[in-house]
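Visitor: The structure's right below; bear with me while I get my questions together.
The values are calculated or read from the model by the stated rules, or taken from the named source; none is laboratory data. Given the structure is predicted, the values throughout are model-derived calculations rather than measurements. Cβ coordinates were reconstructed from backbone atoms using ideal geometry, including for glycine residues, and neighbour counts include every protein chain displayed. Heavy atoms of the whole protein, side chains included, go into the accessibility calculation; ligands, DNA and RNA do not. Shrake-Rupley method; radii C 1.70, N 1.55, O 1.52, S 1.80 Å.
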Amino acid sequence: DDQTHSMAQAIANENQTIIDYGHINRHSYVLDAGCGVGNTAMYITQKTRCKIVGITITPIQVQQANQAINIHHLSSFVTVKQADYHHTDFPNNSFDVIYGIESVCHSSPRSKFLAEALRLLKPGGQLIIADGYISPTTNPTSQKHIHDFKQAFALSEWTSPE
């Protein structure tokens, strides 16, 4: 928006949007699908005092996230563990909210992630995805940039806004 002038403000805005869209409060149980080092989970629980589980497939991210969670004294609210968001060991209907920020774009096929999210969400739960989307282009220069970006970020496919 016009009031956002830094990356930190943009990230805070995105995190607040997740809280607002998900109606997250202290009674919510939330899954951060593809949590990275847990920054979004820590932000959200600091604002709401909800319980969040973060999952990532990267062991070093689990270690870094849990160190930061302990430093900020949030271990009674946030846990991060290694898991694949395509198939988790959580019971059906576990979560009030599931969000994926810049992580669902790495799912292939996306239907596997969506099926698991549907299984994990409680009836009436919210799924929030904040990812990159692309419109088709015939411009050769744009196509090359898109190809290079896709390769650099190990993206197997793009999703259109539709």
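Visitor: Please enumerate, by chain and number, the lysines with C-alpha under 30 Å from the C-alpha of K47, excluding those fewer than 8 residues away in the same chain.
Guide: K81, K122
Visitor: Please identify, among F113, F149, F77, the residue showing maximal mean-square fluctuation in a Gaussian network model of the chain using a 10 angstrom Cα cutoff.
Guide: For the chain, modelled as a Gaussian network with Cα springs under 10 Å, the answer is F149.
Visitor: Given the chain, what percent of its DSSP beta bridges are antiparallel, to the nearest 5?
Guide: 5 percent
Visitor: Could you pull out every one of the lysines with an alpha carbon less than 24 Å from that of K150, ignoring same-chain neighbours closer than 8 positions?
Guide: Cα-Cα hits under 24 Å: K112.
Visitor: May I pose another question? Could you give the alpha-carbon Rg of region 1-60 over 2.2 N^0.38 Å, rounded to two decimals?
Guide: My calculation over the Cα atoms of region 1-60 gives 1.18.
Visitor: Angle check, please: helix 110-120 long axis (alpha carbons) against the longest principal axis of the chain (alpha carbons), in degrees 0 to 90, nearest 10.
Guide: Long axis of 110-120 versus the principal axis of the chain: about 20 degrees.
Visitor: Which value, in Å², gives the accessible area per residue of region 1-92 when a 1.4 Å probe is used on the protein heavy atoms?
Guide: Ligands and nucleic acids excluded, the result is 57 Å² per residue.
Visitor: Related question: So, with +1 on the Cβ of K and R and -1 on the Cβ of D and E, and no other charges, what is the size of the charge dipole of region 29-162 about its Cα centre, to the nearest 20 debye?
Guide: Dipole of region 29-162, to the nearest 20 debye: 260 debye.
Visitor: Of the labelled options [x] 15.4; [y] 16.7; [z] 17.7, which one gives Kirkwood radius over Cα pairs in Å as computed for this structure?
Guide: Read-out from the structure maps to [y].
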